[in-house]
1. Sort out which residues of segment 154-164 are surrounded by fewer than 22 Cβ atoms within 10 Å (Cβ to Cβ) and assigned to a helix (DSSP H, G or I), and write them in order of number.
2. Let me spell it out: the conditions are (1) more than 30 Å from MET265 (Cβ to Cβ); (2) at pLDDT 95 or above; (3) in contact with a Leu (Cβ under 9 Å, 6 or more places away or on another chain), and ALA33 meets all of them except one. Which number is the exception?
3. Taking the condition touching an Asp or Glu at 6+ places or on another chain (Cβ under 8 Å), within 21 Å of TYR270 (Cβ to Cβ) and not basic (Lys, Arg), does ALA408 pass?
4. Could you grab me the full set of residues in segment 302-338 that are of a type in the set (Gly, Ala, Ser) and within 30 Å of GLY169 (Cβ to Cβ)?
5. Can you list residue pairs whose Cβ atoms sit under 8 Å apart, with the first residue in segment 231-249 being hydrophobic (A, V, I, L, M, F, W, C) and the second being part of a loop (DSSP other than H, G, I, E, B) and surrounded by fewer than 15 Cβ atoms within 10 Å (Cβ to Cβ)? Count only pairs 6 or more apart in sequence or on different chains.
6. Hey, could you check segment 255-282 for residues that are of a type in the set (Ser, Thr, Tyr) and in a loop (DSSP other than H, G, I, E, B) and say which is farthest from SER233 (Cα to Cα)?
7. Can you confirm whether ASP117 is in a helix (DSSP H, G or I), surrounded by 15 or more Cβ atoms within 10 Å (Cβ to Cβ) and in contact with a strand residue (DSSP E or B) (Cβ under 6 Å, 6 or more places away or on another chain)?
8. Testing SER63 on (1) within 30 Å of GLY297 (Cα to Cα); (2) touching a residue at least 40 places away in the same chain (Cβ under 8 Å), one condition comes back false. Which one is that?
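The values are calculated or read from the model by the stated rules, or taken from the named source; none is laboratory data. The shown structure was predicted, so the numbers you read here are calculated from the model rather than taken from an experiment. When we count neighbours, we look across all protein chains shown, and the Cβ atoms used for this are built from the backbone with ideal geometry, even at glycine.
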Amino acid sequence: MKQSTTTWILTAVIIVLAVALAGVLVFVKNQPAQVRGIPALTVIQAMEPDSSKWGVNFPNQYSTFKLTEGNNTRSTYGGSNQFSHLEEDPRLTILFAGMAFSKDYNEDRGHMNALADVRATKRINEKTPGTCYSCKSSDNPALWTSMGMVEFDKTLFSDLSQHISNPIGCANCHEAETMRLVVTNPALDEALKAQGKDWTTFTRQEMRTVVCANCHVEYYFAGEGKYLTFPWSKGTNVDQIDAYYDETGFKDWEYPEALTPMIKMQHPEYEMFTAGSTHYNAGVACADCHMPYTRDGSAKFSTHDVKSPLINPDAACGACHTDVKYVTDRVGIIQKQVADTMSATEDALVAAIEAIKAASADSNADQTLLNEARTLHRKAQLRWDFVAAENSMGFHNPEEALRILAAATDMARQAQIIAMTATAK
């Protein structure tokens, strides 16, 4: 009997406390935000380039984003510490002879350094078009809207500089009014439409990869106006991109002495990752690994300190994998395999270049064979560079990376043999 009375008393106390708590919550909810101690949301103008204004409403995201300015940590094959690829691998000066990357090829730093780094590179000169600002500033969405991309791209880099003062920021990926992830780069919008895709129908998880394609893709400058274009109309894998460039007859430069019309690949992370990789097929997005969820007290948010998952593997890999050490060790094995294979491809390309240069200098060389060797040289280096310029040392898609490098090595050796045959008596 005594136990039953105690139970009733405890039940009554719990009910009274629950009612009191509910009353307090209703009271607090009905107070102005300032009284509740919660800052009122600041209205963010559409395409606002100043990320600090967005940070008033989203302090965790902004405070972690600011870390990209100083997260200059070197990983085994990359990271965000600025070092010279030319000094690390002198063969690159041979592979890129005759174009700007043979003069200056540094590792990219974090997003907040994008503007400073592009202005400091030796690849910029008095003829550089404004197109080179396309992936460097949160001022771009508003400028694309006001100027149009045609005018933006054909404006000289030096003239466009006066309109650009903010590095990559919130406006590059988010819609101000709703905070939804959006495509802001007109070139990406055009490339998706060319494939019959409507990004506005994509899920949020899909967009956590697609927004990265605003910048992390292969592209080229088309025509006299240097119009930013993604070579995707035939598809996004390297063979389809190669076919696109063959059809358009585009070249970035002509290799000196060898006279090969060459293509320079640009960081095709999106294309490599989405080409049937294990993680992509499993529904993993770029942000899951490079912007993993974290906590500030009870608040859960995606960190905007965008960087290599290897720098913070417990958060980046641990959300899905229980044995993080096994995962990181496995990553190291995969990346070394790709790096070693890529090095062998470089040796084959250097040999092909020397053979083609020698044949080009021989007035008696078989021009049909020589042109065949040049074609193979172009295709081989395009494929090697697709892997070399992609910022994961193959890990985004190991099978595809090794497939591409195998084809590149084979083409380079064929080019070497055919060039030597062209001069044979």
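1. Of all residues in segment 154-164, those surrounded by fewer than 22 Cβ atoms within 10 Å (Cβ to Cβ) come to 154-159, 161-164.
Answer for segment 154-164, where residues must be surrounded by fewer than 22 Cβ atoms within 10 Å (Cβ to Cβ) and assigned to a helix (DSSP H, G or I): LYS154, PHE157, SER158, ASP159, SER161, GLN162, HIS163.
2. The one condition ALA33 does not meet is (2).
3. Here the answer is no, as ALA408 does not meet what is asked.
4. Within segment 302-338, SER302, SER308, ALA315, ALA316, GLY318, ALA319 qualify.
5. Matching pairs, first to second residue: TRP232/GLN195.
6. TYR255
7. Numbers: in a helix (DSSP H, G or I): yes; surrounded by 15 or more Cβ atoms within 10 Å (Cβ to Cβ): yes; in contact with a strand residue (DSSP E or B) (Cβ under 6 Å, 6 or more places away or on another chain): no.
Criteria not met by ASP117.
8. Status for SER63: all satisfied but (2).
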